[in-house]
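See structure below.
The values are calculated or read from the model by the stated rules, or taken from the named source; none is laboratory data. Because the structure is a prediction, the values reported are computed rather than measured. With ideal geometry, Cβ positions are generated from the backbone for all residues, glycine too; neighbour counts draw on all protein chains shown.
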Amino acid sequence: MSRGVDMRVELSPGKVEKRKAQKSVETSIKSSKYEKDWKVIIERLIQALKDENKYMRLGAAGALGELGDVRAVEPLTEASKDKDSNVREMAIWALKKIGNHVKGGTINQNSER
């Protein structure tokens, strides 16, 4: 009798709770009076990607990745060509993170250009 390999991936309870909390927060923001604030925050972070201070650009790239808003894809793609290697790496990480939001169904679907 041969045993098959179980290829299912289980999320740890902490990751499941984190994903549920993230979806809950994003859903609350999108369906509340704070949706306009969300859009302003995203726009300001996108603007910060062009700041002359590399730490501002680095922080903005990381925050945009965590927030997972599709409006950040094009600006992050540009930031992946930044003169600072840390900013480039963070922009690439953020793009991957946004891709994970898309796969996981947690991406901000209310994004408008």
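Some observations on this one:
- Considering residues of the stretch 29-47 that are polar (S, T, N, Q) and either modelled with pLDDT of 80 or more or loosely packed, with under 11 Cβ neighbours inside 10 Å (or both) only, the residue farthest from Leu64 (Cα to Cα): Ser31
- Among (1) at pLDDT 90 or above; (2) more than 16 Å from the chain's Cα centre (by Cα); (3) part of a helix (DSSP H, G or I) - the single one Lys83 does not satisfy: (3)
- One residue stands out among those in the stretch 48-65 that are assigned to a helix (DSSP H, G or I) and touching a Lys or Arg at 6+ places or on another chain (Cβ under 7 Å): the one that is surrounded by the most Cβ atoms within 10 Å (Cβ to Cβ), which is Gly65.
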